[in-house]
1. Which of the residues spanning the range 38-65 are open to solvent by 80 Å² or more (accessible area, probe 1.4 Å) and in a loop (DSSP other than H, G, I, E, B)?
2. Is the range 108-122 home to any residue that is open to solvent by less than 20 Å² (accessible area, probe 1.4 Å) and modelled with pLDDT under 85?
3. If we keep just the residues of the range 66-93 that are closer than 17 Å to Val28 by Cβ and assigned to a helix (DSSP H, G or I), which is most open to solvent (accessible area, probe 1.4 Å)?
4. In the list Ile82, Ile33, which residue meets the criterion of being touching a Lys or Arg at 6+ places or on another chain (Cβ under 9 Å) and aliphatic (A, V, I, L, M)?
5. Output the number of residues of the range 149-180 satisfying the condition of being out of contact with any Leu (no Cβ under 6 Å at 6 or more places or on another chain), part of a helix (DSSP H, G or I) and within 13 Å of Arg109 (Cα to Cα).
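The values are calculated or read from the model by the stated rules, or taken from the named source; none is laboratory data. Every value quoted in this text rests on a predicted model; they were computed, and no experiment measured them. Positions of Cβ are backbone-derived with ideal geometry, glycine not excepted, and every protein chain shown enters the neighbour counts. Side chains are part of the model used for accessible areas, which takes the heavy atoms of the whole protein and leaves out ligands, DNA and RNA. Shrake-Rupley method; radii C 1.70, N 1.55, O 1.52, S 1.80 Å.
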Amino acid sequence: RTWAPSSPLPSTCPPPRPAGYLSQGQRVRLGLILCLGRRAPAYVLDDPFLGLDPVARGVAERFIAHRAAEVPVVVAAQDTAILERLCSAICFIDGGRTRWTAPVEAWRRRFRAVRGGGGDPAALRDLGPRVLDCRPQGGATELILDDVEGGAEALLRAAASTVQALPLPFDAILAALVAV
């Protein structure tokens, strides 16, 4: 069944209302539809997931990914898990200053989390790779490293009897960078 704007709405549709009466999530969805619903040479989105429930966030993520396959899309957001899935490159800005910009894979290669055990915890803290975070965990020490040179594991193996790579969520990298 079709209807024109001048005809009455079907009884199953809620009456239209001004955008000012919508919830925050509804306004964000409306903004995304208005922005991404038309063709543009590029898009800039400021916190496009703010106030969205998990289902709407997933729909928005897929819609943004679809547009990003066609043209550049710049996304400023707080949800690091979505950014990690959605973006090909990430620019970290802290206090109005750009700290580092690189493809996502370069972030994964540069920043690493490891657990070293059986060695001297003080020696682990003083290793050559830049240690962003160092926490004792039982008989081991967990480190987040800024491993620019890529030689962290060899140095760690010299100071600890065991070295185990750990998963490193993107938000842990950013939190460690902010703390430095």
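1. Arg38, Arg39, Pro41, Leu50
2. Initially, the range 108-122 is screened for residues open to solvent by less than 20 Å² (accessible area, probe 1.4 Å), giving 111, 113-114, 116-117.
Those still in the list that are modelled with pLDDT under 85 too: 116-117.
Checked the range 108-122: at least one residue is open to solvent by less than 20 Å² (accessible area, probe 1.4 Å) and modelled with pLDDT under 85.
3. Residue satisfying both the conditions and the ranking: Leu86.
4. Working: Ile33 fails: touching a Lys or Arg at 6+ places or on another chain (Cβ under 9 Å).
Step by step, each of Ile82, Ile33 is checked, and only Ile82 is touching a Lys or Arg at 6+ places or on another chain (Cβ under 9 Å) and aliphatic (A, V, I, L, M).
5. So the answer is 3.
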